[in-house]
Amino acid sequence: MRHFVSAACGLWLAAAAQVQAEPVVVVELYTSQGCSSCPPADDFVAMLASNPQILPLALHVDYWDYIGWADKFANPKFTDRQRAYAKAVGSRTIYTPQLIIGGADRIEGFAPEETANRLRAHMEAGTTVRLMVTREGDRLVIRAEADPPLTEPVRVQLVRYKPEETVLIERGENAGKTVTYTNIVTSWERIGDWSGQEPLELTAPFAGDQPGAVIVQHDGPAAILAAARVD
């Protein structure tokens, strides 16, 4: 399956990276080790992670745990975040796998061609927010400017993630499978609010070796205006 996805999407991803270095497009994958439909989407995230313009983040939800295999990466907060996305568009249903691109486009199931089209649109759209993040020891200095100024306040969020881990799943729908997960989110915290009128400058703790990202996003949750990786 991964070879098919690479053949379908690899060429335009490489071409887009040569044309435009900014912005980073955030792709949230809602997944679970207990979901039989999720492994192809998990592999897809690994492919996307090779492109510097795309930041895929795997958020493992807990509502599949009852089937017989508790996902070691699952967090009820990630389930709540997925439900908040559904509520924002008037839906009562959540799915795995589900991709949310740039906080705005929702794709249920594994749909690589549709995902490629949506990603291309986000990569070509650009952003009015310039985000700069500097690491100084165990803290981050976060600066942002909006041109033109924003018309409503936005969230400033800090995400931490584990780059990769391989898991042998012993029970549940994926029993017997060994799956490698990429960019596994370990925390997603709101660290401040920004009016978008004046330039932003704030600091946040950033200890340890796990990479992360700063994400500026409309409430809802809704569209992501800017994102920056932190190593």
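How many residues, within the range 52-93, are of a type in the set (S, T, N, Q) and more than 19 Å from Ala104 (Cβ to Cβ)?
2
Being modelled with pLDDT under 95 and out of contact with any strand residue (DSSP E or B) (no Cβ under 7 Å at 6 or more places or on another chain) narrows it down to one of Ala84, Ala111, Ala104, Ala70, so name that one.
Criteria check complete, one pass: Ala111.
Would a scan of the range 167-181 turn up a residue that is closer than 17 Å to Ala228 by Cα, out of contact with any Phe, Trp or Tyr (no Cβ under 6 Å at 6 or more places or on another chain), of a type outside the set (Val, Ile, Thr) and in contact (Cβ under 8 Å) with a residue 12 or more places away in the chain?
no
In this structure, is Arg171 part of a loop (DSSP other than H, G, I, E, B) and under 30 Å from Ser36 (Cβ atoms)?
Answer is yes for this residue.
Would you pick out the residues in the range 120-160 that are touching a residue at least 12 places away in the same chain (Cβ under 8 Å), among the charged types (D, E, K, R) and part of a strand (DSSP E or B)?
Listed by number, the residues that qualify are Arg130, Arg135, Arg139, Arg143, Glu145, Arg155, Arg160.
Of the conditions (1) at pLDDT 95 or above; (2) closer than 13 Å to Pro112 by Cβ, His60 fails just one. Which one is it?
Every condition holds for His60 apart from (2).
Can you name every residue in the range 1-50 that is modelled with pLDDT of 95 or more, in a loop (DSSP other than H, G, I, E, B) and closer than 18 Å to Glu124 by Cα?
Across the range 1-50, there are no qualifying residues.
Answer yes or no: is there a residue in the range 72-89 that is among the acidic types (Asp, Glu) and farther than 22 Å from Glu189 by Cβ.
No, that holds for no residue.
For the subset of the range 65-114 comprising residues that are part of a strand (DSSP E or B) and either without any contact (Cβ under 8 Å) to a residue 60 or more places away in the chain or more than 16 Å from the chain's Cα centre (by Cα) (or both), which member is farthest from Ala226 (Cα to Cα)?
Glu108
Residues in the range 151-158: is at least one under 28 Å from Gly208 (Cα atoms) and of a type in the set (Val, Ile, Thr)?
Among the residues of the range 151-158, at least one is under 28 Å from Gly208 (Cα atoms) and of a type in the set (Val, Ile, Thr), which makes the answer yes.
Which residues, taken from the range 83-98, are farther than 20 Å from Asn174 by Cα and either buried (at least 20 other Cβ atoms within 10 Å of the Cβ) or touching a Cys at 6+ places or on another chain (Cβ under 7 Å) (or both)?
The answer is Tyr85, and nothing else.
Could you list, in sequence order, the residues of the range 190-231 that are of a type in the set (Val, Ile, Thr) and either in contact with an Asp or Glu (Cβ under 9 Å, 6 or more places away or on another chain) or closer than 14 Å to Arg130 by Cα (or both)?
Thr203, Val214, Ile215, Val216, Ile224
Give the number of residues within the range 134-182 that are surrounded by fewer than 20 Cβ atoms within 10 Å (Cβ to Cβ), aliphatic (A, V, I, L, M) and more than 23 Å from Pro97 (Cα to Cα).
Residues in the range 134-182 being surrounded by fewer than 20 Cβ atoms within 10 Å (Cβ to Cβ), aliphatic (A, V, I, L, M) and more than 23 Å from Pro97 (Cα to Cα): 2 in total.
Quick check on my filter: what residues within the range 49-65 are farther than 18 Å from Tyr95 by Cβ and buried (at least 23 other Cβ atoms within 10 Å of the Cβ)?
Leu55
Out of curiosity, is Ile191 under 22 Å from the mean Cα position of the chain (by Cα), closer than 29 Å to Ser91 by Cα and crowded, with 20+ Cβ neighbours inside 10 Å?
The answer is no for Ile191.
The values are calculated or read from the model by the stated rules, or taken from the named source; none is laboratory data. Predicted model only: the values in this text are computed from it and were never measured. Positions of Cβ are generated from backbone atoms using ideal geometry, with glycine treated the same way; all protein chains shown enter the neighbour counts.
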